[in-house]
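**Q** Dropping the structure in here first, questions after.
Where a number appears in this text, it was derived from the coordinates with a stated rule and is not lab data. Worth saying up front: this structure is predicted, and the values here are computed from it rather than measured. For neighbour counting, all protein chains shown are included, and Cβ atoms are generated from backbone atoms with ideal geometry for every residue, glycine included.
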Ligand code: GLV
Ligand code: MN
Ligand code: MN
């Protein structure tokens, strides 16, 4: 191989470094929450790169960004690739952005090779994938695919009361020369490149994973209400300590979610005593639950127990359990999995099939069109961590596979 598009690995790595500067943390990670000034800056940088190539840009009502190279048949929907630009609060340099940059490098390589395609080809930066600033995660792709309602999502507030809608307006103001994209406008196909965020590819010495599917997940917020009182004067019998009640709940939940096979994932990622003081018996405690499993029945059965377990351990306090995400496991189409294997094989990249334990925007794209994902290794399988790392030759391999696949998909009528 090949007479196809040849990606420029050096240019791609420089772009990774430039993006890693936006929201860089002292420990080498990235803090770039959805549609903060930093995230808008990342979108602007993409637009700066797209302009000289003559690619057009569209934004939709929930802040997804579409960078487009026209096709020769304007009646055909675009084939697309991309991921997200936002990060976890103390996230890494690759989660999300490497999929956007792989897609952008692919588009540029296709353009440089002067290859005409009947379908337009697009890079998509889905808005608010991490869900760290605005709940829920994968908001942009979910709204685009019709899985979440636009108005309710635009009304969502961050911790400071800023709405998603006002942030989308700020993004539009920062990128005035962009067109409008209708939500749900058809896509012909979507492929997302992403770091694996787990250890399997690295352990096996493979550099491309053809993702077969994605495990399901459920997320809850739990709010425990007791009564704030003086820590010196309130005897145990009169206390309504929300922290200790929450501790009892988390311990009971942990025991109930234990599986011998170590497949179920159960995480309490946030725990807070709002307004707490050293000498105040906590009147309120709040925590989040993220649970995941590849089997829909297990996810349903174990997850359904959560509210009851919380109530049984509330003691003298009250508890409210709110489920805000419930997504079934998902299988990607066989044709897409095989196409990834073929593309990786043609380039001589060692590859394997792999299951995604993490959640991704490709889940929602899959409701609109044939969708797939490719994974590349990340160091020690570490992700959602400032030390997250991927090798330059692996991000280049991802971009090359994406470029080859986009060409194949964009020629199909
Ligand atoms: C995505 O970041 C996930 O939490 O799976
Ligand atoms: Mn991601
Ligand atoms: Mn992530």
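**Q** What number results when the radius of gyration of the chain, computed over Cα atoms, is divided by 2.2 N^0.38 Å? Intermediate results must be reported in sequence, preceding the final value.
**A** Numbers: Rg = 22.6 Å, N = 413, 2.2 N^0.38 = 21.7 Å.
My calculation over the Cα atoms of the chain gives 1.04.
**Q** Where does helix 334-346 land angle-wise versus the long Cα axis of the chain, in degrees 0 to 90, nearest 10?
**A** 60 degrees
**Q** Could you give the nm distance between label points at residue 318 and residue 27, where each point is 7 Å from its Cα heading toward the beta carbon?
**A** Simple spin-label model gives 3.8 nm for this pair.
**Q** When the C-alpha atoms of segment 282-396 are aligned to their principal axes, what extent does each axis show, in angstrom, from largest down?
**A** Per principal axis, max minus min of the Cα coordinates gives 64, 32, 21 Å.
**Q** Further question: Go ahead and estimate [θ] at 222 nm for the chain from helices alone: -39,500 (n - 2.57) per DSSP H run with n ≥ 4, summed, over the residue count, rounded to 500.
**A** On the way: 13 runs with 139 residues, N = 413.
Computed ellipticity for the chain at 222 nm equals -10000 deg cm²/dmol.
**Q** Could you work out how far helix 392-411 tilts from the main Cα principal axis of the chain, as a 0 to 90 degree angle to the nearest 10?
**A** Approximately 60 degrees, to the nearest ten.
**Q** If packing is taken as the average number of other Cβ atoms within 10 Å across a peptide's residues, how do 283-289, 64-70, 378-384 rank, most packed first?
**A** Working: 283-289: 20.1, 64-70: 22.7, 378-384: 18.6.
Order by mean packing, descending: 64-70, 283-289, 378-384.
**Q** Something else: What number does segment 216-327 give for Rg over Rh if you use C-alpha atoms and the Kirkwood radius? Show your work: numbers first, answer last.
**A** On the way: Rg = 15.2 Å, Rh = 14.6 Å.
Dividing the radius of gyration by the Kirkwood radius yields 1.04.
**Q** Given the Cα-Cα distance of residue 331 and residue 262 and 0.36 nm per residue of separation, how much length would full extension add, in nm? Mind dumping the intermediate values first?
**A** On the way: separation 69, 0.36 × 69 = 24.84 nm, distance 2.12 nm.
Length gained, residue 331 through residue 262: 22.7 nm.
**Q** Please give the length that would be gained between residue 11 and residue 271 if that part of the chain were fully extended, namely 0.36 nm times their separation in residues minus their C-alpha to C-alpha distance (nm, one decimal). It would help to have the intermediate numbers written out before the result.
**A** Numbers: separation 260, 0.36 × 260 = 93.60 nm, distance 4.16 nm.
89.4 nm is the gain from fully extending residue 11 to residue 271.
**Q** Can I ask one more? If you line up the long axis of helix 242-257 against the longest principal axis of the chain, both from Cα atoms, how many degrees apart are they, to the nearest 10?
**A** 60 degrees
**Q** OK, next. For the peptides 126-138, 344-356, what is the packing order when you average, over each peptide's residues, the other Cβ atoms within 10 Å and list the highest mean first? Walk me through the intermediate numbers first.
**A** Numbers: 126-138: 24.2, 344-356: 17.2.
So the order, starting with the most tightly packed, is 126-138, 344-356.
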